Amino acid sequence: MPYATTDDGVRLYYEEAGSGTPVVFVHEFAGDMGSWEPQLRHFARRYRALAYNARGYPPSDAPAGLDRYGQARAADDIAAVMDAAGIDRAHVCGLSMGGFATLHFGFRHAARARSLVVAGCGYGAEPDTHAQFRAEAEATAALIERDGMAAFADTYARGPTRVQFETKDPRGWRAFRDRLAEHSAAGSAATMRGVQARRPSLHDLTGEMAALSVPTLVLTGDEDWPCLLPGLLMKQTIPSAALAVMVNCGHTINLEDPDEFNRLCGAFFAQVDAGRWPERDPRAVTGSILGVEAK
């Protein structure tokens, strides 16, 4: 079983398939490495596809103490996995918590990123909901500790941006919920408090985003309400970013509509690898609506 070891001694379990240009997948809070199975099977046909379990998700270590969790650690853990696998540069694709980690990986390790797919990223990012998100994150951690993972999974998997998955694909949704129920309660609570609740708002990171030149694809579902405006913010602020919105989709887009998710990512990777991904033309960003100054 392959493991990466981080600079603070945490072991992270990973798996890979295929050969070629590396693509690293970074999972969401309610997922794990197995959540990327539709992507691993698809992209391993042309790429070296790798996914790992974040700290707090066995068989990776679930260290005690909130100081062992955090946004910067999550970004640096991607680099640790790449180091262990002997990967210098990779396309990095993350969803939700993994999307935040992927964005911060671009800030902290830009030279190691061929591209960034930042999917389902934005929960708690809006200034008027940031305090609410932190309070709900604490309530979520308390629910996990009080009632256990099975009860938590049944509630969390029916959230306002998960019901789309349940309606569209009941069998796939049940597998998602059941897998979530098997996660470590201690690791999940620590992740919710240490990573989710304490991460900065995207509105506080516009300087870092404006300086980011790594090719970036922002993906969101059109019913993933907390991510729509943050998706626009990233599109407007990152000069190398494109935005794609997946129709009739909630938050779990890589499982809810894997064919479309894979198509969008595959076209993006191919354009980047061909050296044809553009940065935004400054002429596209002006104060004018029609391009003609009113007298």
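The values are calculated or read from the model by the stated rules, or taken from the named source; none is laboratory data. It should be emphasised that the depicted structure is a prediction, and the values quoted were computed from it without experimental measurement. All Cβ positions, even for glycine, are placed from backbone atoms using ideal geometry, and neighbour counts span all protein chains on display. All accessible areas refer to the heavy atoms of the entire protein, side chains included, with ligands and DNA or RNA removed. Shrake-Rupley method; radii C 1.70, N 1.55, O 1.52, S 1.80 Å.
The table for this structure:
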{"item": "The chain, relative contact order [Cα under 8 Å, separation at least 6], %", "result": "18"}
{"item": "Theoretical gain in end-to-end length, Ala135 to Lys168 [0.36 nm per residue, Cα-Cα removed]", "result": "8.9 nm"}
{"item": "Centre separation in Å (Cα based) which lies between segment 139-183 and segment 190-231", "result": "22"}
{"item": "Cα pair distances in the chain, grouped into 5 Å bins until the bin that holds the longest one, percent each", "result": "1, 6, 12, 17, 19, 18, 13, 7, 3, 2, 1, 0, 0, 0"}
{"item": "Percent accessible area from carbon and sulfur atoms, segment 134-242, protein chains only, probe 1.4 Å", "result": "54"}
{"item": "Selected from Ser19, His130, Gly159, residue furthest toward positive end of dipole (the chain; charges at beta carbon)", "result": "Ser19"}
{"item": "Helix 170-181 vs. the chain, principal-axis angle (Cα, 0 to 90°, nearest 10)", "result": "60"}
{"item": "Ranked by how many other beta carbons lie within 10 Å on average, peptides 63-75, 23-35 from highest", "result": "23-35, 63-75"}
{"item": "Net charge dipole size for segment 153-279 [Lys, Arg +1 and Asp, Glu -1 on Cβ; Debye, nearest 20]", "result": "300"}
{"item": "Protection proxy ranking, peptides 268-280, 48-60, 210-222, average beta carbon neighbours within 10 Å, highest first", "result": "48-60, 210-222, 268-280"}
{"item": "Principal-axis tilt of helix 258-273 within the chain, Cα atoms, nearest 10 degrees", "result": "50"}
{"item": "Accessible area (Å², per residue) of segment 71-212, counting only protein heavy atoms and a probe of 1.4 Å", "result": "39"}
{"item": "Candidates Gly98, Gly20, Gly187, ranked by Gaussian network fluctuation over the chain, Cα under 10 Å, top entry", "result": "Gly20"}
{"item": "Net length gained if the chain between Asp67 and Glu260 were fully extended (0.36 nm per residue, minus Cα distance)", "result": "65.7 nm"}
{"item": "Simple label model, 7 Å out from Cα along Cβ direction - Ala110 to Ser184, nm", "result": "3.4"}
{"item": "Projected label distance in nm at Val247 and Arg198, using a 7 Å step from Cα toward the beta-carbon", "result": "4.3"}
{"item": "Distance between modelled label sites at Leu143 and Met1, nm, 7 Å Cα→Cβ extension", "result": "2.9"}
{"item": "Estimated dipole of the chain in Debye, rounded to 20 [Cβ of Lys and Arg +1, of Asp and Glu -1, Cα centre]", "result": "520"}
{"item": "Degrees, to the nearest 10: 130-147 long Cα axis against longest axis of the chain", "result": "20"}
{"item": "Mean separation of Cα contacts under 8 Å (6+ apart) over length of segment 17-70, as relative contact order %", "result": "39"}
{"item": "Extension gain (nm, one decimal) between Ser19 and Glu293, 0.36 nm per residue minus Cα-Cα", "result": "93.3 nm"}
{"item": "Cα gyration tensor shape for segment 142-295, rounded if a/c is under 1.5, else prolate or oblate", "result": "prolate"}
